[in-house]
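The values are calculated or read from the model by the stated rules, or taken from the named source; none is laboratory data. Values in this document were obtained by computation on a predicted structure and should not be read as measured data. Heads up, the Cβs are rebuilt from the backbone with ideal geometry, glycines too, and the neighbour counts pull from every protein chain shown.
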Amino acid sequence: MNASVNAYVNADANGAAAGTPLLSMQNVQVSYPTRGFRSSPVTVLDGVSLDIAEHETVGLVGESGSGKTTMGRALLGLAPVTGGRIMFQGRDISTLSRSERRRSAKDLQVVFQDPYSSLNPAMTIEDILMEPLEAGGDKGGRDVVRRLLDQVHLPQDAGRRLAREFSGGQRQRIAIARALALDPKLVVCDEPTSALDMSTQARVLGLFKEIQETTGVAYLFITHDLAVVRAISHRIAVLLHGKVVELGTAAQVTGDPQHAYTQRLLMAAPIADPVAQRTRRLERRALLERQGEVVDAVS
Ligand SMILES: Nc1ncnc2c1ncn2[C@@H]1O[C@H](COP(=O)(O)OP(=O)(O)O)[C@@H](O)[C@H]1O
Ligand SMILES: [Mg+2]
């Protein structure tokens, strides 16, 4: 049993660890003003509550536009929190000023979906990794760069090469190394494997797990892909129209989903075996009929 599993020995019915969580979103609302005369603001997150423990991976699933990225951005101080609060290590970070936030910023990092736009192609890997270290006032930068390259299984000579020389999977390793540079407590991973092919995806997911085992970092792992979220998460939260409609252990949410939307999401996830796929299609039709939805043609 590894450390990340040990943390769940004292878990409650939803699989949440006992004690003060690392991060606690409490009834968080994010609204954006809309343009135009007398138009009312649009609410993107509508009373979201979610805790993340140290060493924990919470997967966040939901269709496009459900508010997943906004939730990550709210944690990072990049989306306007118009209601509720976000506690990090027992302190409300949703009301901090920009300069106050900068101090807690090192503990909260992010890996984005697109490793092409998130890394400057004309910078060397060493410079990319030195940036956060220098901003954090770290003097032993070059040694840390060596350790970071090691941690993401890139060769030491990668440091002198330019970001544009690397493939998508390698760039994502560099983005992960950059996120780890300041030893964060929590990394928001926003669809970090969605742009990668299947085999690269599996290796990068393995890397995320390995890093968690060695560093104890927690993840909010955002994805629209249930197979990915099942493979990496301790718990899973399902977001629908800006609300968490289901929250539980990965086994419970994927094996015995309670909410109709989660059931549909699971049924819609592709499976490799064609026989199982056909059975699934029939089950899906039956489910949609029970839920009173319009049934697509079953081929
Ligand atoms: N800065 C913004 N201003 C106005 N609306 C926004 C802004 N950012 C996101 N939204 C809206 O919030 C909704 C959720 O977006 P997002 O969080 O990106 O969803 P997801 O990541 O689940 O696809 C979308 O309808 C989007 O148009
Ligand atoms: Mg998104």
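Assorted remarks:
- Residue that is surrounded by the most Cβ atoms within 10 Å (Cβ to Cβ), among those in the range 127-151 that are over 20 Å from L207 (Cα atoms) and in contact with a Lys or Arg (Cβ under 7 Å, 6 or more places away or on another chain): P132
- Top-ranked residue of the range 221-238 - restricted to ones that are of a type in the set (A, V, I, L, M) and in a strand (DSSP E or B), ranked as nearest to ligand 1 (Cβ to nearest atom): I222
- Contact map, the range 65-82: residues that are under 12 Å from T43 (Cα atoms) and modelled with pLDDT under 95 paired with residues that are within 8 Å of ligand 1 (Cβ to nearest atom) and aromatic (F, W, Y), Cβ distance under 8 Å, separation 6+ or inter-chain. Pairs shown: P80/Y32.
- Residue match in the range 238-260 (condition: farther than 26 Å from V42 by Cβ, within 16 Å of ligand 2 (Cβ to nearest atom) and modelled with pLDDT under 95): no
- Subset of the range 32-47 [within 13 Å of ligand 1 (Cβ to nearest atom) and in contact with a strand residue (DSSP E or B) (Cβ under 7 Å, 6 or more places away or on another chain)]: Y32, T34, P41, V42, T43, V44, L45, D46
- Note on the range 88-124: among residues that are within 16 Å of ligand 1 (Cβ to nearest atom) and surrounded by 15 or more Cβ atoms within 10 Å (Cβ to Cβ), the one that is farthest from T200 (Cα to Cα) is V110.
- Residues of the range 64-84 that turn out to be part of a loop (DSSP other than H, G, I, E, B) and either near ligand 2 (Cβ under 10 Å from one of its atoms) or among the hydrophobic types (A, V, I, L, M, F, W, C) (or both), as a count: 7
- Of all residues in the range 181-190, those being modelled with pLDDT of 95 or more and not basic (K, R) number 6.
- Just so you know, in the range 146-203 the residues that are of a type in the set (D, E, K, R), within 14 Å of L129 (Cα to Cα) and in contact with a strand residue (DSSP E or B) (Cβ under 7 Å, 6 or more places away or on another chain) include one that is farthest from ligand 2 (Cβ to nearest atom), and it is R160.
- Screening the range 48-77 for residues that are more than 9 Å from ligand 1 (Cβ to nearest atom) and of a type in the set (S, T, Y) and picking the one that is surrounded by the fewest Cβ atoms within 10 Å (Cβ to Cβ) gives S49.
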